[in-house]
Amino acid sequence: MSSFASQVKNELVHVLGSQTCCKMAELAALLRMGATISFNSKHDFGINFVTENAAVARKILSLFKTSVPKIHTEVTVRRSRRLRKHNNYSVRAIPSPETSSILQKLGFLTAKNLLDAGTDRNFLKKDCCKISYLRGAFLGGGSVNRPEGQYHLEFVTDNYNFVKLIYDLCRELYLPVGLTDRKNVYIVYLKESEAILELLGLIGVEDDLLRDFESARNLKEIRNQVNRLINCETANLQRTINAAVRQINNIKLIKRYDKFEDLPKVVKQTANLRIKNPEASLTELADILKCSRSAINHRMRKLDVLAEQLRKGDMAK
Ligand SMILES: [Zn+2]
C-alpha cells in the first residue's frame, strides 16, 4: 500500500460520525470488509477482524467500545514471516451477549452470513450514513495512489453484493465510479483527480492532506506542460540546426565553385557570420547584423538557390 493511502487511513481513523446511525454504518462496512463470526457453546456470537493496518485495528476497537461499552475485546499482533514484513492485527470481540447485540443491531444475524450486504440498505437512508459506510469500506478495503502517479482510488472486496452496494452508494453521491473485476476480487474505482478529491473530502480526509494531493496534482500538470514545451523547443532546435547545416554546406559549395566573391556584400557578410555561428538562429544572426530576420532569410535563400543551381550543373563550366 502506498504511504499516501496509509496517511489517508491514519487520518480517517480519527474521523467518527457524530451520530449513532453513522457509527453503525461505518462499523458494518468495516466488518463486511474483513470480519468473520465465531460463537461459543452458549450460542453467543463473537467477531474476529484481521487487518494489516494498525490504524484500522484501532478504529474497529473504538467502534466496538462506543457501540457497546461493556464489550470484551482482545487484540493480538502477529509479525508476518513473509519477506514484505507487515504485521497482522487481529481484533476480537469475545463471544458474549454484548457482541451478539452488535451483530443483531447490524442485522448480521438475520442475514444468512456476512456475505449478504443487501440488508445494510436498511440503515443507509441518510447521506451522513452512506458517507460513513464508504469511510468504513475505504478503511477496510480501500486504496489510493500517490497523486504523483496515476490517479486511482479503489475499493476491493471478494463480495459482489457488497461491491455493488458501494458502487450504488457512490453513484447516489454523484461520484463517477466504475466497477470491474480482477482474478477473484471485485473493484469499485475512481480515475479522475477531481472525483478522488471529492470522495476523500466527503469521507473526512482533512484539508491539509487534500491540499497536498492537489498541489502534487498541480505540480504534475505543470511538469507535463514543461515537458510539452521542452519537446516543442527540441523540435525547433532541431529545425534550426538542420537549416544551419544546410546553409553552411551551401556556402562551402559556392566557395568551391569560386562564386562566393561575386555575391553582394551583405550576402557574403551574412554567409561568413553563419560559418562562424553554426548554432545561431536566423533571429540571432539578424540581431548581430542589426537587420531584420526576413532580410537574413532572404540572403540565405539566395545562397540556397545559387547552391542548387551549382549542384544541378547549370552554372558549371
Ligand atoms: Zn448517519
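General remarks:
- Of K255, K259, all but one fail to be without any contact (Cβ under 8 Å) to a residue 12 or more places away in the chain and either among the β-branched types (V, I, T) or closer than 26 Å to K312 by Cα (or both); the exception is K255.
Results for (1) at pLDDT below 95; (2) outside any helix (DSSP H, G or I); (3) within 16 Å of the ligand (Cβ to nearest atom); (4) of a type outside the set (D, E), shown as yes or no for each residue.
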position	(1), (2), (3), (4)
S143	yes, yes, no, yes
L175	yes, yes, no, yes
Y189	no, yes, no, yes
E194	yes, no, no, no
L210	yes, no, no, yes
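- Any hit, segment 11-33, residues being within 16 Å of the ligand (Cβ to nearest atom), among the aliphatic types (A, V, I, L, M) and open to solvent by 60 Å² or more (accessible area, probe 1.4 Å): yes
- Filter result for the condition that a residue is open to solvent by less than 40 Å² (accessible area, probe 1.4 Å) and on the phi > 0 side of the Ramachandran plot, over G204, G149, G136, G141: G204
- K220 vs. criteria basic (K, R), away from the ligand (no atom under 16 Å from the Cβ), assigned to a helix (DSSP H, G or I) and closer than 28 Å to Y89 by Cα: no
- If you go through segment 34-66 and keep only what is surrounded by fewer than 19 Cβ atoms within 10 Å (Cβ to Cβ) and within 16 Å of the ligand (Cβ to nearest atom), you end up with just T66.
- Cross-chain or 6+ apart pairs with Cβ under 9 Å, segment 123-148 first and closer than 13 Å to V188 by Cβ and touching a residue at least 24 places away in the same chain (Cβ under 8 Å), then within 16 Å of the ligand (Cβ to nearest atom) and part of a loop (DSSP other than H, G, I, E, B): Y133/L124; L134/L173
- When segment 219-254 is filtered for residues that are over 44 Å from the mean Cα position of the chain (by Cα), open to solvent by 70 Å² or more (accessible area, probe 1.4 Å) and among the polar types (S, T, N, Q), only N249 remains.
- Inspection of segment 166-185 identifies no residue that is assigned by TED's automatic domain parsing to the domain that holds N53, touching a Gly at 6+ places or on another chain (Cβ under 7 Å) and either within 23 Å of T20 (Cβ to Cβ) or open to solvent by 10 Å² or more (accessible area, probe 1.4 Å) (or both).
- In segment 138-194, of all residues being over 25 Å from K125 (Cα atoms) and hydrophobic (A, V, I, L, M, F, W, C), the one that is farthest from the chain's Cα centre (by Cα) corresponds to V185.
The values are calculated or read from the model by the stated rules, or taken from the named source; none is laboratory data. No experiment lies behind these values; they were computed from the predicted model shown. Ideal geometry is used to build each Cβ from the backbone, glycine not excepted, and the neighbour counts take in all protein chains shown. Ligands, DNA and RNA are excluded from the accessible area calculation, which covers all protein heavy atoms including side chains. Shrake-Rupley method; radii C 1.70, N 1.55, O 1.52, S 1.80 Å.
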